Amino acid sequence: MNAPAWRIWLVVALMCGWGILTIRFVTKQEWPMALLCAVLLISNGVTLYRLTKHGK
């Protein structure tokens, strides 16, 4: 899949945000929100893998 560069950067930015939120919620011991953020982080990681696995 030839994904536009802006979409790849958007997914990378979302992954960074979800990772930061996951760490923040884990340190505050808010487990449901930490789990939700971790799931969204993994989901965006899978999306990024699918966008970049074939290259350009």
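The values are calculated or read from the model by the stated rules, or taken from the named source; none is laboratory data. If you're wondering where the values come from, they're calculated on a predicted model, not measured in any experiment. Note that each Cβ is placed from the backbone with ideal geometry, even for glycine, and that neighbours are counted across all protein chains shown.
Brief remarks on what is shown
- Boolean, residue 50 is modelled with pLDDT of 95 or more and over 12 Å from the mean Cα position of the chain (by Cα): no
- Among residues of segment 30-56 that are more than 18 Å from residue 19 (Cβ to Cβ) and of a type in the set (Phe, Trp, Tyr), none has a beta-carbon under 6 Å from a residue that is at pLDDT 95 or above and assigned to a helix (DSSP H, G or I) at least six positions away or on a different chain.
- Members of segment 6-27 that are surrounded by 10 or more Cβ atoms within 10 Å (Cβ to Cβ) and more than 8 Å from the chain's Cα centre (by Cα): 7, 8, 9, 10, 20, 21, 22, 23, 24, 25, 26
- Pairs meeting the criteria (first residue in segment 13-28 and free of Cβ contacts under 8 Å to residues at least 40 places away in the same chain, second residue of a type outside the set (A, V, I, L, M, F, W, C) and part of a helix (DSSP H, G or I), beta carbons under 8 Å, at least 6 apart or on different chains) are 14/44; 15/44; 15/45; 18/44.
- On inspection, residue 3 passes the criterion of being modelled with pLDDT under 95 and surrounded by 15 or more Cβ atoms within 10 Å (Cβ to Cβ).
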